[in-house]
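One structure is given below, encoded as structure tokens.
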Amino acid sequence: MDPITSLLDRIHGCRLCAEHLPHGPRPVLRLDPRARVLIASQAPGRKVHETGIPFNDVSGDRLRTWLGMTRDEFYDERRVAIVPMGFCYPGTGPSGDLPPRPECAPAWRAEALAHLTALELTLVVGRYAQAYHLPASTGTLAEAARAWQVSWPHTVLLPHPSPRNTLWLKRNPWYEAELLPILRARVRDVLRGTPDGGER
């Protein structure tokens, strides 16, 4: 068995925080060493938990629109890795889904990301992923996202694409007007090559 298959088997069998998961463990991620784009997200939601498909919900629809990606491109593991901060649905709290379980990232993240040796672009989605992937960023998420040139072109901080963040988008019109056109062009650049590294 190759190392990445072995790792995924161990992740899918993980029960580290099972007692804290009201719907039980069901790790959801996409990991292939050929991936050029990493989506470093938060944790699966209820619909993703039910289907086992990451971003298979309205948040995913909005994220794909932001990135200018088709569903086929988005779910091509040879191009796009999706590695959330917590692999399992943490359940719901008073104001929406709970945060990613804190046990997950220390147990698995470094080993998983070490396999992504072809990455050209990391999309950091939300503040929990921000704390891990952009620890030097300061201020609110809006302030850190506004300073996107600091980590460009390799890493970009995005707000969570949940409908709950519609107000954030209204308060930060620069995001859709200024950053998204540039980001879509960058994504197209990164995905232009074939999964084996040649050009189309």
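Here E103 fulfils each of the conditions (1) in contact with a strand residue (DSSP E or B) (Cβ under 8 Å, 6 or more places away or on another chain); (2) within 30 Å of L8 (Cα to Cα); (3) surrounded by fewer than 18 Cβ atoms within 10 Å (Cβ to Cβ) apart from (1). Of the candidates A144, A131, A136, the single residue that is small (G, A, S), in contact with a strand residue (DSSP E or B) (Cβ under 7 Å, 6 or more places away or on another chain), surrounded by fewer than 20 Cβ atoms within 10 Å (Cβ to Cβ) and over 22 Å from P33 (Cα atoms) is A144. Of the residues making up segment 116-132, one or more are within 14 Å of L29 (Cβ to Cβ) and in a loop (DSSP other than H, G, I, E, B).
Of the set (1) closer than 16 Å to P161 by Cα; (2) touching a residue at least 12 places away in the same chain (Cβ under 8 Å), all apply to Y89 but (1).
Could we say that R15 is touching a residue at least 12 places away in the same chain (Cβ under 8 Å), of a type in the set (K, R) and in a loop (DSSP other than H, G, I, E, B) here? No: the conditions fail for R15. Each residue in segment 16-32 was checked for being over 24 Å from D57 (Cα atoms) and touching a helix residue (DSSP H, G or I) at 6+ places or on another chain (Cβ under 9 Å), and 2 pass.
Does P90 satisfy the criteria of being of a type outside the set (A, V, I, L, M, F, W, C), on the phi < 0 side of the Ramachandran plot, part of a loop (DSSP other than H, G, I, E, B) and surrounded by 19 or more Cβ atoms within 10 Å (Cβ to Cβ)? Considered against the rule, which asks whether it is of a type outside the set (A, V, I, L, M, F, W, C), on the phi < 0 side of the Ramachandran plot, part of a loop (DSSP other than H, G, I, E, B) and surrounded by 19 or more Cβ atoms within 10 Å (Cβ to Cβ), P90 comes out as yes.
Screening E120 against (1) surrounded by fewer than 17 Cβ atoms within 10 Å (Cβ to Cβ); (2) under 15 Å from the mean Cα position of the chain (by Cα); (3) among the acidic types (D, E); (4) within 28 Å of P163 (Cβ to Cβ) leaves a single unmet condition, (4). Taking (1) farther than 27 Å from R188 by Cα; (2) surrounded by fewer than 14 Cβ atoms within 10 Å (Cβ to Cβ); (3) modelled with pLDDT of 95 or more; (4) not aromatic (F, W, Y) in turn, G52 satisfies each apart from (1). Residues of segment 51-60 that are assigned to a helix (DSSP H, G or I) and in contact (Cβ under 8 Å) with a residue 24 or more places away in the chain: V58, S59, G60.
The values are calculated or read from the model by the stated rules, or taken from the named source; none is laboratory data. As the structure is a computational prediction, the values presented were derived from the model and not from experiment. Because the Cβ atoms are built from the backbone with ideal geometry, glycine has one as well, and the counts that use them run over all protein chains shown.
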